[in-house]
Amino acid sequence: MDFLAELETLLRQIPPGHFARVADVARALGDVRASAAIARVLRDHPELPNARRVVAGSGLAARGPFFNAFRGGPLLAELRAEQIELATKVSRRNGFRSVRTVGGVDVSYEGDRGFATLVVLRASDLTVVEEVRVTQPVSFPYIPTYLAYREWPLIEAAAARLRERPTVLLVDGHGQLHPARCGIACLVGIRLGVPTIGVAKHPLVGSIRGSLEPGGGAPVVVDGEVLGYAMRTSQSTKPLFVSTGHRVATRTAVRIVRALCRTRQPEPLRIAHVLATEMKRRQRKKVQEGLKLAPFPRSERPKAKGRGA
DNA sequence: GCGACAG
DNA sequence: ATCTTGTCGC
């Protein structure tokens, strides 16, 4: 059952004349963190059953009693359980000898459509040896700590079109530096069976131990355990957060990422991001041109004025 | 006033 | 992630 279907199941339970708090719906789904996403979905899809009867926590918008006896499948709790299970399968041993190629995947969005690009660079000279692009509708919203379930379908589709898999794949987001120790890089690594490294631009969990010197790195500790490193590349003050996805030792992950950084972002991710954004732009342009060229279905199109061949 | 959690 | 144009600066 997907996110929207699960949400609908809950919405239908609100009795006539009753209202529900967004946070209560989120908790029924399994995680209060989904509140913002649910509010967004309801705003964008007012046609969903009882969409207008789900209100903010203040309850000011309610014109009747609150309902909160939701029953049924807590989707997010199940996904969290899966993450915890996957976390036990993460390996921090290097699943390779030498790094011949390095991949990077990134996803950009336009409404409910995602655009993914996966690029593979030759490690020796950082030239692109392969790139694949994929676009698909996306149905799972962005919910903090569940990013993997939003992006996995696109990443899987992109990986499937790859002629040859990279030695190691960089993923835009955290690896073990995650509340369930299973960020998107871990899920992708395990499901793909490829060594992966999580590279995030912002922290999610843990605290940085020590100071971050320019060009240096500092351990990020969670529950007394080092699960990743914050590292400052280039001139940037803002650190990058690197952690094991799968089959890569944490220190090795840091070494690999550092070797790939010409700017703040490692080259595979920087290039993937540029290409994904470009793909989205071109698609948008194409759609606009299509609307101009064919404002009506062919059968209803007004008769064109004759113009000499 | 505090906090606002990867993309 | 996305909304957004030109502009100031190294």
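The values are calculated or read from the model by the stated rules, or taken from the named source; none is laboratory data. Note that the structure is a prediction, hence the values are computed from the model and not measured. Cβ: placed from backbone, ideal geometry, glycine included. Neighbour counts: every protein chain shown. For the accessible areas, the whole protein counts, side chains as well, though only heavy atoms, and no ligand, DNA or RNA atoms are used. Shrake-Rupley method; radii C 1.70, N 1.55, O 1.52, S 1.80 Å.
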Take the residues in the range A:237-264 that are part of a loop (DSSP other than H, G, I, E, B) and open to solvent by 30 Å² or more (accessible area, probe 1.4 Å); name whichever of them is modelled with the highest pLDDT. A:247
Counting only residues that are of a type in the set (Gly, Ala, Ser) and either within 24 Å of residue A:130 (Cβ to Cβ) or at pLDDT 95 or above (or both), the range A:219-236 contains a total of 2
Pairs, please: C-beta under 7 Å, at least 6 apart or cross-chain, first residue modelled with pLDDT under 90 and in the range A:44-66, second in a loop (DSSP other than H, G, I, E, B)? A:64/A:17; A:64/A:18
Of these, A:199, A:171, A:194, A:129, which one is closer than 24 Å to residue A:267 by Cβ, in a strand (DSSP E or B) and more than 10 Å from DNA strand B (Cβ to nearest atom)? A:129
In the range A:37-60, residue surrounded by the most Cβ atoms within 10 Å (Cβ to Cβ) [restricted to those that are hydrophobic (A, V, I, L, M, F, W, C) and touching a Phe, Trp or Tyr at 6+ places or on another chain (Cβ under 9 Å)]: A:54
Flag if residue A:164 is without any contact (Cβ under 8 Å) to a residue 40 or more places away in the chain and assigned by TED's automatic domain parsing to the domain that holds residue A:137: no
Where residues in the range A:54-109 are of a type in the set (S, T, N, Q) and in a loop (DSSP other than H, G, I, E, B), which of them is farthest from residue A:161 (Cα to Cα)? A:58
Residue selected from the range A:68-116 under the condition closer than 19 Å to residue A:191 by Cβ and within 16 Å of DNA strand C (Cβ to nearest atom), by the criterion surrounded by the most Cβ atoms within 10 Å (Cβ to Cβ): A:105
Failed condition for residue A:155, given (1) more than 10 Å from the chain's Cα centre (by Cα); (2) not in a loop (DSSP other than H, G, I, E, B): (1)
Under 7 Å between Cβ atoms, which residue pairs at least 6 apart in sequence (or on different chains) link something in the range A:98-113 that is of a type in the set (Ser, Thr, Tyr) and modelled with pLDDT of 95 or more with a partner that is more than 13 Å from DNA strand C (Cβ to nearest atom) and open to solvent by less than 10 Å² (accessible area, probe 1.4 Å)? A:101/A:120; A:101/A:121
